[in-house]
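So the structure is just underneath, and the comments pick up after that.
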Amino acid sequence: MDGVFRMIRLFPWAARGSPPSAVERPLDVVAVHAEYADFVFRSLQRLGVRPPDLDDLRQEVFLVVHKRLHTFDTGSPMQAWLFGICKNIVARHRQRAYVRRETTAIPVPETSSEGVLPSPEESLATKQARAELEELLDELDLDKRAVLVMFEIDELGCEEIAEELGVPVGTVHSRLHKARKAFEKALVRRQARLSRGGRR
Amino acid sequence: MKEPTRWRDAGGSAPPRVRELFTSAQPTRKMTQLELARSTAQVAQIAATPVGVLPGVLAKKIVMAILGIGGAVALVVAPRVGQDVPLMLKVAEPIERVGATVEAAGSGGPAPEEPGKSGERSTEGMESRATPAASRPAPLPKKPARGSVTKKVAPPMPSPPVSAEPVMEDSITREIVMLEEARRLMATSPSEALGRVEAHAREFPAGRLAAEREFLAIDALLRLGRKGEARARGEALLERSSGTPYEVRVRRKLDEMR
């Protein structure tokens, strides 16, 4: 039954009995983009893509979608398929030398949550904390990283995460548990390095 | 299954430093309308490319090249001498839809359906389709008969094309098209790319893509070997774009110059 609803969601024109409009036409990269552009954009951020690279990687994702759309199994969730593509592209992106050595300035908002301008010290502390967080998240594998960001930062529930990633809720719980452990270990390692006087 | 407590919430079992780090984190953000418009334009170009033409890693470059060549966008300057006629855009299918999508995004309304599929479509502000006759090449002039007197007649002024109505009134879409054209030319002809960038600067001095334009200008100057100018503009852009994604891109560019 679930499959039927999914098919209706993917092919609404079939349920209506009229030919598809341009927007509804299935298996077309433009239609996929119209529906899932924001999901791809957010997934890339969750997988650790820095703002300057988002545009290029988003394009790469839709190039792959265009090339591989005929291989998409219409019985499976589109978001899970897209997330898989994002993951492969980000994994390749991580291998590139300039990504490995680059540290990115993450913009700090000009006002704090109270609407007051933060002091320079606060700004600096926030900037450093975000850089450290990114560094630690980068040590996790992509699946764990995504789940941790979705749960802890984007504050999605486990069921929402499961739906977005196309995995069972139990898998989300398990990944979250492992991600937290891995994050804590990465933090301990980092602090040990710092106490030994290393750069990181 | 019970939902775990978040680390940054009270009762979350996180170590203090972990809580601090996650409290400072920014949630992932949505695409802005500008990013969405740009992305839609790019995807429309991707969709216009046959799948078999995309050869792996070079696919992106080819798509960028197709931006201007493949017939998606053609700039048509109305050829009236001595008149101040604005630059007209003649746009093929994908971008036409993008223009409409952007308009819809601006007004909050739904995007229009593809022409010919729905049968109902408003033509207001959109290009009327060129008739097949108008798109056929003009017939060759007949040879004059031997012995006949031939007069030198000035060639008639070419009339503007039937479809020379502005297709996209949305300025942001137009900015995107102009800068994508510059980007396409960058590898093969940086001087032409610079020309496009300057044209954008004349038309949109305070355009929404001014920073992107400046970045492209720096790239073009660098490719033309005008390092001094490139550096000066790069440093000026760096000052203006502190804390934005351009900061990293410009720094990378400036590093290349060293």
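A short reminder: the numbers here are calculations on the coordinates, not readings from a lab. What you see is a predicted model; the values in this text were computed from it and never measured. For neighbour counting, all protein chains shown are included, and Cβ atoms are generated from backbone atoms with ideal geometry for every residue, glycine included.
Computed quantities for the displayed model
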| read-out | value |
| --- | --- |
| Shielding by partners, peptide B:13-23 (average Cβ within 10 angstrom, other chains) | 4 |
| Over 31 Å between alpha carbons, listed pairs A:LYS67/A:LYS127; A:LYS185/B:LYS2; A:LYS178/B:LYS253 | A:LYS67/A:LYS127; A:LYS178/B:LYS253 |
| Segment A:119-200: equivalent-ellipsoid semi-axes (sqrt of 5 x gyration tensor eigenvalues, Cα, Å) | 28, 16, 8 |
